[in-house]
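Accompanying notes for the structure given below.
The values are calculated or read from the model by the stated rules, or taken from the named source; none is laboratory data. Model, not experiment: these values are computed from the prediction. All Cβ positions, even for glycine, are placed from backbone atoms using ideal geometry, and neighbour counts span all protein chains on display.
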Amino acid sequence: MKVKQPAVGIVMGSDSDWPVVEEASRLLNEFGVAHEVRVISAHRAPDAVAAYAKSAARRGLKVLISCAGGAAHLGGVLAAHTPLPVIGLPMPGGSLNGLDSLYATLQMPAGIPVATVTLGKAGPVNAAVFAVQILALANPELARKVVAYKAALERKVAEGDKRVQADIAAKRRA
């Protein structure tokens, strides 16, 4: 069986981030997007982060997802060393409940953008969907999958509304 070339690189600063990050990997798999996952710390292995980022485009990656907590410099360090888009996924927890990670990921100097998604359960989902949307710009099949995904979200909301309206109507009759 031929293994597809990874298009997305997911890099986390610590293996303790994996329980959160795993949802992004699962969703990329659902979309059929090959990806790689690495643990490389911006602070404890800065040379490895720079080497990874510098080689990413040459190795065929198209988008990087950076996942880090605390000081969260990983996204900025990756972005400084690659021409690829970097999506920052701040990690919850720590002494400031993830706000330090969120602010560190958001506050990049001019010319070193890191597109940042939210803290919490929606973060890894949004990081994966955003990566897929970027890839879909050059991939019509993937673009169709994004459209189908968004349509499924809309159906889920409509179903939820239907359940709530039925509940309200039942309580009015009671």
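Residues that are among the β-branched types (V, I, T) and closer than 14 Å to A7 by Cα within region 51-103 comprise V63, I65, V86, I87, listed in sequence order.
Please go through region 28-67 and pick out each residue that is assigned to a loop (DSSP other than H, G, I, E, B) and touching a Ser or Thr at 6+ places or on another chain (Cβ under 7 Å). The answer is S41, A57. Selection over region 122-146 of residues that are in contact with a helix residue (DSSP H, G or I) (Cβ under 8 Å, 6 or more places away or on another chain) and among the polar types (S, T, N, Q) gives a count of 1.
R58 fulfils the conditions (1) under 14 Å from V8 (Cα atoms); (2) modelled with pLDDT under 95; (3) not hydroxyl-bearing (S, T, Y) except for a single criterion, (2). The residue pairs whose first member lies in region 144-156 and is outside the structural domain of L27 (by TED's automatic domain parsing), whose second member is assigned to a helix (DSSP H, G or I) and among the polar types (S, T, N, Q), and whose beta carbons are closer than 6 Å, counting only pairs six or more residues apart or on different chains, are V146/Q133. You will find that of P85, P46, P92, the residue that is under 16 Å from the mean Cα position of the chain (by Cα) and without any contact (Cβ under 8 Å) to a residue 60 or more places away in the chain is P85 and no other.
Kindly establish whether D17 is acidic (D, E) and buried (at least 19 other Cβ atoms within 10 Å of the Cβ). Taking the combined requirement at face value, the residue satisfies it. From the set of residues in region 92-114 that are aliphatic (A, V, I, L, M) and more than 17 Å from G13 (Cα to Cα), which is modelled with the lowest pLDDT? Residue satisfying both the conditions and the ranking: L96. Output the number of residues of region 64-82 satisfying the condition of being under 14 Å from T118 (Cα atoms) and free of Cβ contacts under 8 Å to residues at least 40 places away in the same chain. Qualifying residue count for the region: 0.
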